[in-house]
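The numbers here are math on the coordinates, done by the rules we state, and not lab data. This one's a predicted model, so the numbers in the text were calculated from it and none came from an experiment. Backbone-built Cβ (ideal geometry, glycine too); neighbour counts: all protein chains shown.
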Amino acid sequence: MPATVIVGAQWGDEGKGKIVDLLAQDSDLVCRYQGGPNAGHTVVVGDETYKIRQIPTGVIAGKRCAIGAGCVVDPAVLISELDELESRGHETKGLVFVSGNAHLVMPWHIALDGARERRLGRLQIGTTRRGIGPAYADKATRIGIRVQDLLDPKILRQKLELAVHEKNVWLQRVYELDPFDVEEVVATQLGYAERLSPYVSDTSLLVDRALQGGERVLFEGAQGTLLDLDHGTYPFVTSSSPIAAGAAVSFGIGPNRIDEVVGVSKAYVTRVGEGPFPSEIEGPAQERVRELGREFGTVTGRDRRCGWLDLVALRFAVRVNGITSLALTKLDVLSSFAELPVCVRYALPDGSETDEFPAHQSDFHHCRPVFETLAGWKAELDGEALPPAARIYVTFVEDALGVPVTLVGTGAGRESVLALG
Ligand code: IMP
């Protein structure tokens, strides 16, 4: 379809990278619509491994790639990715486009992110400490520095002076940290400006023209639905809009331009960071899923918490994103289990049960999962056809959600994706 959004249907890390890679092969333009270097994709092509955080991975397949206004960009990270891609023989100029309206992650954002988490102690969010929250906060309070500011040294200096002056007060007085030196910051950012200015673009116009010209545009979200600032499990969320509508906002296109929304969900659930997690596995099975699924963070290396598939949360993801089909990744990780609990409802503190995601935070914090147990298949997935019990697992998900599962992840390799008819 001409305009497709790929959205994480859980708490991020659903294996979107693999699905994006697959769909990017048939796309002309790949667009990242939110987040910044808090996301991480590992792409393996033959013997080559790429770890990418800012640029859509479609660039490796030689696709045009855009970073939208709804993203935050750490210029140091972006430049190191551009350098690496170029040193490994990939073209970047004329292929990578960065919205001039995207905001920059500054070194004080990173310092403040870490300092705030430390100060919060056991109440911390568990952020990636990449400066994401503080960068989006400055955007919202209208003191952020945008990518397009890099194009004008005078404006850049003016804004940096103002920002450093204010942030130093916070760093020193609130968090007892070292201040930043204005001249040093200005010199560094002017250096970045020179490297990045050829990539600064009007990405709204770029996407509009691509769609007008009948090109296929893929929008990829980072993180996932339950980390959405408005609709996720606040405050344990990221600071942007991973839900599908975020694609239209970030790229400045009408929502009616989007044709398909592909939700990506693991066949189980993982979550990094703090916050309630109803279907979190109790006992040694959690460690077993973590080991089998290699559930350690790409960006932070932290252990991911693991849970059984949660259909209440997935039903919510289908609703708030308008998911039209689902990719169920890492089904193979469940292959050795004799029984597979699936969370079908939540039991609420007042004794009632619901199959809809609770709107009130206290209900979500205190709910208990109600599981139905399905039979495992106890066989490896070969990528040809699913064993009957695995097919029943997939059909159970489809029936509960009312959307088709069109892709299933059957193994670690990039090619291990089975299309279901
Ligand atoms: P931040 O985005 O670094 O501010 O972190 C806010 C929350 O989002 C924390 O719970 C993080 O663990 C989570 N988070 C951010 N990026 C990712 C991701 O790529 N995968 C999974 N969780 C993420």
- Message: Give me the Å³ per residue figure for the convex hull around the C-alpha atoms of the chain.
- Response: 142
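Given a cut-off of 32 Å, name the pairs among 93/167; 63/159; 51/139; 18/378; 159/266; 51/266 whose C-alpha atoms lie farther apart than that in the structure shown.
93/167; 63/159; 159/266
State, to one decimal in nm², a quarter of the convex hull surface area for the C-alpha atoms of the range 319-408, i.e. the direction-averaged projected area.
Working: hull surface 26.7 nm².
Projected over every direction and averaged, the Cα hull of the range 319-408 covers 6.7 nm².
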- Task: Return the aspartates and glutamates within reach of residue 330: Cα separation strictly under 14 angstrom, same-chain partners fewer than 8 residues apart disregarded; answer none if there are no such residues.
- Result: 13, 14, 291, 295, 380, 382, 415
- Task: List the trypsin sites (Lys or Arg not before Pro) within the range 297-366 that fall in a DSSP loop (any state other than H, G, I, E or B) and whose Cβ has at most 14 other Cβ atoms within 10 Å.
- Result: 302
- Message: Treating the range 376-421 as a set of equal point scatterers at the Cα positions, no solvent, please give the Debye-formula log₁₀ I(q)/I(0) at q = 0.20, 0.26 Å⁻¹.
- Response: -0.66, -1.01
- Item | Most positive-pole-ward Cα, 357, 383, 336, against dipole of the range 272-395 from beta carbon charges | 383
- Item | the range 218-331: C-alpha pair distances exceeding 21 Å, % | 39
- Expressed as a percent, the portion of alpha-carbon pairs in the range 84-127 spaced more than 18 Å apart is 59
- Message: With a cap of 14 neighbouring Cβ atoms within 10 Å, and only residues DSSP puts in a loop, list the GluC sites (Glu not before Pro) found in the range 33-102.
- Response: 91
- Note on the structure: With only helices counted (DSSP H, runs n ≥ 4, each -39500 (n - 2.57)), the per-residue ellipticity at 222 nm for the chain, to the nearest 500, works out to -9500 deg cm²/dmol
- What is the antiparallel percent of DSSP beta bridges lying wholly in the chain, to the nearest 5? 40
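Go through the range 1-107 and name the trypsin sites (Lys or Arg not before Pro) that are in a DSSP coil and have 11 or fewer other Cβ atoms within 10 Å of their Cβ.
Details: sites: 16, 18, 32, 51, 53, 63, 64, 88, 93; in loops: 53, 63, 88, 93.
Answer by residue number: 88, 93.
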- Determine, for 378, 266, the number of other Cβ atoms within 10 Å of each Cβ, and report the residues in order from fewest to most. 378, 266
